[in-house]
Amino acid sequence: MHGPDNLARLREVLAQDFDVDPAAVIPEARLEEDLDLDSIDAADLVVRLKELTGKAVRPGAFRSVRTVGDVLRVLESL
Amino acid sequence: MDDVEKAIRGFFNSVIRKLRFSDREHVREPPVPENGVTSLYRFGRLLKTEFFNSLPITRPASLRGPVAAVGYGWRWLGTALSFVLFGAGSILLGIVVVPLVSLASRDPAQRLQRVRGIIGGALRFFIVVTRHAGLMSYEVEGLENMVAGRSYLIVANHPTLIDAVFLLAFFPMADCVIKEGMARNFFTRHLVRAANYIPNADPVALLDAAVARLKSGRSLILFPEGTRTVPGAPLCFKPGAAAVAVRSGRECLPVVIRCEPMTLSKSDRWYRIPPRRAGFSISVQPPVAPAQVIGAEPVSRYANRSFNAWLQAYFSARLAGPG
């Protein structure tokens, strides 16, 4: 999977399930401050990504995630 | 003859000199050369000063008189002893009592019931002992707001270290979330497993487990702040508890905990005991269902957020009001 692919996917998920403006989803965007996602949203996002990729996400893999770029890195490491 | 005279004069002169010398107080003593005895003595003095300076017993200025001082000293000692009691009791329960009870109970439901009963009993014993020792006082009201056999999300503010002790003493059959470390620690892991508490390892798993426990008809204790209140700062509820409430649809049982004078808060060291005995007030409020507050909105992040905001305002208002 390529990076841009994942970014497009993440944009779609965030727009559909979390009402986030796709234009705001750039690698530098911070989940909490810029995209207004709280810790529960982050947990739900992990679940959604798990469903989408069909891969098991290591518990705690998302613990240090702060930005969209961090999410993409976790997705690529799967 | 001259020699004798000289000698006598010399002797008197030296005595006079000595006398003069000792008369002059401001003259510094000549430095005593260090030997084994003096260095030991100096070390002792150093140690003593260091020791007394380092002692955490700094009596507040408001405490005057021998009775108050004795009371303060006792509460300090008693606080230290109660920590020892709590630790020793946890170890005894964790590696002796609970494993034995687990072995003796075949049926898992019965085992859970027994183990939680024992933990609740031990915590009530702890509360009674510390209260009768004069270390704290407490009053509890509104326990009748909880109808036996119903499932509630018990939400409480978290001012002190011992809030969970009170809550588990009053609601021993409720589930609660514990630090993941306790699920692994040698002394507590049997206890945690047998009591089936939820470790706070992974946020996704925690959220799912919390909702699942409530839906299976159990009650659950959560501190929405996630950690003890920062003294002086406004309440800050994390979204987790509200999300569990909204997703499970269970009634919330708000428990407002106050402590005056404050003790064992996030910024207090355990040995900085308050000038007066700490008084706790634990007030169980009537249950509130999320749907009553946010309407029949479907489960969404907006529902979470508005219920969390409501809950935080609810507690803030009650904590700001008169005791």
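The values are calculated or read from the model by the stated rules, or taken from the named source; none is laboratory data. As the structure is a prediction and not an experimental result, all values here were calculated from the model. Virtual Cβ from ideal backbone geometry, glycine too; neighbours counted across all protein chains shown. The protein model used for the area step is the full one, side chains on, heavy atoms only, and it has no ligands, DNA or RNA in it. Shrake-Rupley method; radii C 1.70, N 1.55, O 1.52, S 1.80 Å.
A few remarks follow.
- Interface burial in segment B:178-214 reaches 50 Å² or more for B:V204, comparing the full protein assembly with the chain by itself; accessible area from heavy atoms with a 1.4 Å probe.
- Alpha-carbon Rg with Dmax, taken over segment B:203-291, Å: 15.7, 46
- Positive-end residue of A:S77, A:V47, A:L37, charge dipole of chain A with Cβ unit charges: A:S77
- Net charge of Cβ neighbours under 14 Å - reference A:D41; Lys, Arg +1; Asp, Glu -1: -1
- Probe 1.4 Å, all protein chains present, accessible-area order of B:H190, B:H132, largest first: B:H132, B:H190
- Under 17 Å from the Cα of B:K179 - aspartates and glutamates, other chains or at least 8 residues apart: B:D163, B:D202, B:D208, B:E225
- Per residue value of the accessible surface for segment B:224-291 (all protein chains in place, 1.4 Å probe), Å²: 41
- Interface size, chains B and A: roughly 1100 Å² of accessible area buried, both sides included, 1.4 Å probe, rounded to the nearest 100.
- The order of B:S300, B:S105 by accessible area, most exposed first and with a 1.4 Å probe, is B:S300, B:S105.
- Between segment A:1-73 and segment B:98-112, the alpha-carbon center distance in angstrom: 44
- Segment B:207-223-segment B:262-323 distance, computed between alpha-carbon centres (Å): 19
- Threshold 30 Å² - residues in segment A:35-75 whose accessible area is reduced by that much or more when the chain is no longer isolated, probe 1.4 Å: A:D36, A:D38, A:I40, A:D41, A:A43, A:D44, A:R63
- The chymotrypsin sites (Phe, Trp or Tyr not before Pro) of segment B:136-245 that DSSP puts in a loop, and whose beta carbon has at most 12 other beta carbons within 10 Å, are B:F186.
- A Stokes-Einstein calculation at 37 °C with viscosity 0.692 mPa s, built on the Kirkwood radius of segment A:3-77 over Cα pairs, returns a diffusion coefficient of 270 µm²/s.
- With every protein chain in place, segment B:66-320: carbon and sulfur % of accessible area (1.4 Å): 62
- Contact residues in segment B:296-316 by the 50 Å² criterion (accessible area, 1.4 Å probe, full protein complex versus chain alone): B:R301, B:R305.
- DSSP-loop trypsin sites (Lys or Arg not before Pro) across segment B:248-323, with at most 13 other Cβ within 10 angstrom: B:R269
- Loop-resident trypsin sites (Lys or Arg not before Pro) (DSSP state other than H, G, I, E or B) in chain A with no more than 14 further Cβ atoms inside 10 Å of their Cβ: A:K55, A:R63, A:R66.
- Remark: C-alpha extents of segment B:66-320 on the principal axes read 63, 49, 33 Å, sorted largest to smallest.
- Here the dipole of segment B:66-320 is about 400 debye; that uses its Cα centre as origin and unit charges on the Cβ of Lys and Arg (positive) and Asp and Glu (negative).
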